[in-house]
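Chemist: I'd like to ask you about the structure that follows.
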Amino acid sequence: MTRYTSVTGGAVTWKASLTAAFEALLGRPLAGYDRGAEYAAYYHGHFFHETRIDRDPIWLNPAILSGGEPIEVGDLYLYDMGEPPLRFDAGRSLFQFSSHGLSEAFAADLAQACLAPDVVRGADLAPVLWRHDLDLADPILAENWHVCYARIASDGTLLDAMRVATGIGAGPGSLIPFEGNADEAWTPALDAVADPRLRAHLSLGCCDVAEAEGLTYLGADAPLGPLLEEGGCSVVAGWKDGHGQVDVTVLRLGAAVAGPA
């Protein structure tokens with residue numbers, strides 16, 4: 001399994017601060033979650049599709065799909081308030097296909113790679129694209145595919161999935177110095193975050209939906225689509241913007257969605 005650098009460079013205390021902060025937000029120790037599972041944060045929702053960022057040709061670069069470096073697509077941010085732009089793992093994102101207009105040979109090969117009908121992980125799509133030398137970015141075929149769940153690049157641990165889902169970079173310098181007030185429902189959890197910088201940053205994502213600058217925390221009550229539910233995934237935490245356009249969901253992945261280790 002490809003691993004990406006997350007919390008780096010002598011940051012033991014930073015990692016400990018993140019762990020404590022996310023435990024307060026989740027209401028339970030991270031060690032209480034399945035340590036043998038893989039976790040991921042997915043970006044999805046209407047905005048992603050309506051802006052056609054989900055169809056940007058960069059997603060289909062076979063070298064990137066097969067485990068290349070994380071990519072930035074569409075200059076996406078969770079808050080656009082100074083935090084780093086989102087970086088995605090195309091190889092572990094999920095693609096949805098229509099077979100209309102595709103050759104029978106390509107469609108049959110693709111079907112073998114799918115984890116569910118018409119849904120395939122990027123890493124499993126790459127060899128199919130190589131074998132058939134098909135340019136899905138061609139305008140004729142551009143409507144045949146889209147990214148349905150874009151995985152924000154992380155190392156597979158719950159700690160790192162929570163880090164990227166909350167728009168936190170590799171160190172304290174990425175934190176947003178938010179000065180507003182969180183929704184009262186999350187005040188007790190946030191009060192338990194000892195680091196004031198982390199508390200302020202996490203408060204930004206816990207505001208009342210009517211007053212939020214961006215995403216609003218839903219806890220583990222975030223909805224789970226049928227594709228991920230049938231794939232054995234379960235919600236750890238989720239966020240949604242007040243207009244119902246953007247969703248970010250941290251999941252414990254089922255084996256089919258996670259793919260080979």
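Chemist: Put +1 on the Cβ of every Lys and Arg and -1 on every Asp and Glu Cβ in region 56-136; which of Leu136, Pro117, Ala63 then has its Cα farthest towards the positive end of the dipole?
Modeler: Final value for the positive-end residue is Pro117.
Chemist: In the chain, once you exclude exposed trypsin sites (Lys or Arg not before Pro) (DSSP loop, at most 14 other Cβ within 10 angstrom), what's the longest stretch remaining?
Modeler: Numbers: sites that count: Arg3, Arg35, Arg52.
Within the chain, the longest run free of exposed trypsin sites (Lys or Arg not before Pro) spans 53-261.
Chemist: Can you check how the C-alpha radius of gyration of region 1-147 compares to 2.2 N^0.38 Å, as a plain ratio?
Modeler: On the way: Rg = 18.1 Å, N = 147, 2.2 N^0.38 = 14.7 Å.
Ratio of Cα Rg to 2.2 N^0.38 Å: 1.24.
Chemist: Something else: Counting each pair of different Cα atoms once, what's the Kirkwood radius of region 140-201 in Å, rounded to one decimal?
Modeler: Numbers: mean 1/r = 0.0696 Å⁻¹.
After inverting the pairwise mean of 1/r, the radius is 14.4 Å.
Chemist: While we're here: Starting from the amide H of Gly45, placed 1.01 Å from N in the peptide plane, find each other amide H under 5 Å away whose residue is 5 or more places distant or on another chain.
Modeler: Asp247
Chemist: About the Cα centre, and with charges only on the beta carbon of Lys, Arg (+1) and Asp, Glu (-1), how big is the dipole of region 132-177? Nearest 20 debye, please. Show your work: numbers first, answer last.
Modeler: Details: 2 positive and 6 negative charges, 84 e Å.
Once rounded to the nearest 20, the dipole reads 400 debye.
Chemist: Under 12 Å from the Cβ of Ala189, count the other residues' Cβ atoms, weight Lys and Arg +1, Asp and Glu -1, and hand me the total.
Modeler: Here the charged neighbours net out to -2.
Chemist: What's the magnitude of the charge dipole for region 40-183 around its Cα centre, counting Lys and Arg as +1 and Asp and Glu as -1 at the beta-carbon? Answer in Debye, nearest 20.
Modeler: Dipole size: approximately 280 debye.
Chemist: With bins 10 Å wide starting at 0, give me the P(r) of region 68-181 over every alpha carbon pair, in whole percents.
Modeler: P(r) for region 68-181, in whole percents per bin: 13, 37, 26, 17, 7, 1.
Chemist: When ranked by the protection proxy of mean other Cβ atoms within 10 Å per residue, highest first, what sequence do the peptides 37-49, 184-196, 18-30 form?
Modeler: 37-49, 18-30, 184-196
Chemist: To one decimal place, what Kirkwood hydrodynamic radius in Å is obtained for region 26-88 from all pairs of distinct Cα atoms?
Modeler: 14.4 Å
Chemist: Can you list the equivalent-ellipsoid semi-axes of region 149-250, largest first and in whole Å, using the square root of 5 times each Cα gyration tensor eigenvalue?
Modeler: Numbers: eigenvalues 104, 57, 29 Å².
Listed largest to smallest, the semi-axes of region 149-250 are 23, 17, 12 Å.
Chemist: Shifting gears a bit: As a test of the definition: which semi-axes, in Å, follow for the chain when you take the square root of five times each eigenvalue of its alpha carbon gyration tensor? Largest first, please.
Modeler: Those come to 33, 18, 16 Å.
Chemist: If you place +1 on the Cβ of every Lys and Arg, -1 on the Cβ of every Asp and Glu, and leave all else neutral, what size is the dipole of region 145-230 about its Cα centre, to the nearest 20 Debye?
Modeler: The dipole magnitude comes to about 360 debye.
Chemist: Would you kindly derive the ³J(HN,Hα) couplings of region 103-119 from the backbone phi angles with the Karplus curve 6.51 cos²θ - 1.76 cosθ + 1.60 (θ = phi - 60°), listing them in order in whole Hz, with x for Gly and Pro?
Modeler: Along region 103-119, the couplings run 5, 4, 5, 5, 4, 5, 5, 5, 4, 5, 8, 6, 8, 8, x, 6, 10 Hz.
Chemist: When the Kirkwood hydrodynamic radius is evaluated over all pairs of different C-alpha atoms of region 211-261, what value in angstrom, to one decimal, is obtained?
Modeler: For region 211-261, the Kirkwood estimate is 11.7 Å.
Chemist: On to the next question. With N set to the residue count of region 87-149, report its C-alpha Rg divided by 2.2 N^0.38 Å to two decimal places. Mind showing how you got there, number by number?
Modeler: Values: Rg = 10.8 Å, N = 63, 2.2 N^0.38 = 10.6 Å.
That works out to 1.02 for region 87-149.
Chemist: If I fit a long axis through the Cα atoms of helix 12-26 and take the longest principal axis of the Cα atoms of the chain, what angle between them do I get, 0 to 90°, rounded to 10?
Modeler: 90 degrees
Chemist: Right, something else. What angle, in degrees between 0 and 90 and rounded to the nearest 10, separates the Cα long axis of helix 122-132 from the longest principal axis of the Cα atoms of the chain?
Modeler: With both axes taken from Cα atoms, the answer is about 20 degrees.
Chemist: A further question follows. Taking H placed 1.01 Å from N in the peptide plane, check which residues at least 5 places from Phe178 or on another chain put their amide H under 5 Å from its amide H.
Modeler: His201
Chemist: Now, a different point. Averaging sequence separations of C-alpha pairs under 8 Å and six or more residues apart, then dividing by the length of the chain, give the relative contact order as a whole percent.
Modeler: Dividing the mean separation by the residue count of the chain yields 26 percent.
The numbers here are math on the coordinates, done by the rules we state, and not lab data. Because the structure is a prediction, the values reported are computed rather than measured. Here Cβ is always computed from backbone atoms with ideal geometry, including for glycine, and neighbour counts include all displayed protein chains.
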